[in-house]
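Have a look at the structure below before the remarks.
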Amino acid sequence: ASSPSQGAAKDWQKIGTVADLDKTGQLLVPESPVGAVLVVGTSKAAKNLIAVNPTCTHQGCTVAWKTDKNQFVCPCHDAKFARDGKVQAAPAEKPLRTYLAKIENDSVFVKP
Ligand code: FES
């Protein structure tokens, strides 16, 4: 049994607007109730949204999404991660944390 305050961050959290996501196809939120979030996608393909915690599991730099390569790349030591967060290139060894993502009305939501 968890307290209501702990439960809050386990539910869907509104982290931004669809307008902001659609501008670039990416929405980076450094601080949200669930931690840092990077959502990739647009409302036109809302079923394909992906969302991760972009904090690199190597030493904590913020990874960037590369559309042409279909992967996340860390600017610090070039670790690479797949859409589902799995490591594709060292030096990172652990996957990125992922979130569920959805669009509702004009807002973007994620859930741990
Ligand atoms: Fe990301 Fe080192 S911090 S590869």
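The values are calculated or read from the model by the stated rules, or taken from the named source; none is laboratory data. Just so it is clear, the model here is predicted, and its values are computed rather than measured. Note: ideal-geometry Cβ built from the backbone for every residue, glycine included; neighbour counts use all protein chains shown.
For the stretch 37-87, please list each of the strands (runs of 3 or more DSSP E) lying entirely inside it that holds at least 1 residues being more than 16 Å from the ligand (Cβ to nearest atom), hydrophobic (A, V, I, L, M, F, W, C) and surrounded by 17 or more Cβ atoms within 10 Å (Cβ to Cβ).
37-40, 50-52
Determine which single condition residue 28 fails, assuming it passes every other condition in (1) within 16 Å of the ligand (Cβ to nearest atom); (2) over 23 Å from residue 12 (Cα atoms).
Checking residue 28 against (1) within 16 Å of the ligand (Cβ to nearest atom); (2) over 23 Å from residue 12 (Cα atoms), the one that fails is (2).
Confirm whether residue 21 is crowded, with 18+ Cβ neighbours inside 10 Å and at pLDDT 95 or above.
Taking the combined requirement at face value, the residue satisfies it.
Being more than 9 Å from the chain's Cα centre (by Cα) and of a type outside the set (Lys, Arg) is the filter here, so list the residues in the stretch 35-51 that pass it.
35, 41, 42, 43, 45, 46, 48, 49
In the stretch 18-29, is there at least one residue being at negative phi and part of a loop (DSSP other than H, G, I, E, B)?
Looking through the stretch 18-29, none of the residues is at negative phi and part of a loop (DSSP other than H, G, I, E, B).
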